[in-house]
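Peer 1: One structure is given below, represented as structure tokens, and several questions about it will come after.
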Amino acid sequence: MDVLRMLVALVLIFCSIAVALQFVLGPLYSDIGQAELAVWYYLDMLMAVSIVVTVAVQLQRKRASDRTRGEGLNRERFEANVMFYASLLVALWFFRNWFDFLASSPIGDQSTATIVIWYILDPLLVILVGLTGIRLWRNSAPTTGYMNSGRT
């Protein structure tokens, strides 16, 4: 199970890095016909999977923190709630914009307001998906072994 979680974590981290690079470097080659839109077209599919996985992981984390004893708000419960609701917000924005992107004719012919939402959404997705991937990786990584055995 830990191996599967580590693979999912790697996919989330890869998606986060890919979106960040495309977001920053995309304008450098936007003059080359539809090249930038083509990259976003395929990257959006990976982003869709990643945001669904992120919402699922954050929901699981939120449920686990809600089950802990105590009525007070501790750091873990606060972080779990913020990450879950932020991932829900990003999911709603993403799927609304993605379906608009796919339905536009020609593909990618969107309003200025929708493009502004993409400029807000992409960095948020990078942060949420990246942090979820890193957390999943750290929680799935083995804690015993040569590196942690005390040997140098």
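Peer 1: Against the longest alpha carbon principal axis of the chain, how many degrees, from 0 to 90 and to the nearest 10, is the axis of helix 2-25 turned?
Peer 2: The answer is roughly 40 degrees.
Peer 1: If you don't mind, another one. At what distance in nm do the modelled label points of S104 and L73 sit from each other, each positioned 7 Å from its Cα along Cα→Cβ?
Peer 2: Placing both labels 7 Å beyond Cα along the Cβ direction yields 3.8 nm.
Peer 1: Using the Karplus equation 6.51 cos²θ - 1.76 cosθ + 1.60 (θ = phi - 60°), what ³J(HN,Hα) coupling, rounded to whole Hz, does each residue of the stretch 98-104 give in order, writing x for Gly and Pro?
Peer 2: Going residue by residue, I get 5, 5, 5, 4, 6, 7, 5 Hz, with x marking Gly and Pro.
The numbers here are math on the coordinates, done by the rules we state, and not lab data. Here the structure is a predicted model, which is why all the values come from computation and not from measurement. Cβ sites come from the backbone with ideal geometry, for glycine too, and all protein chains shown count toward neighbours.
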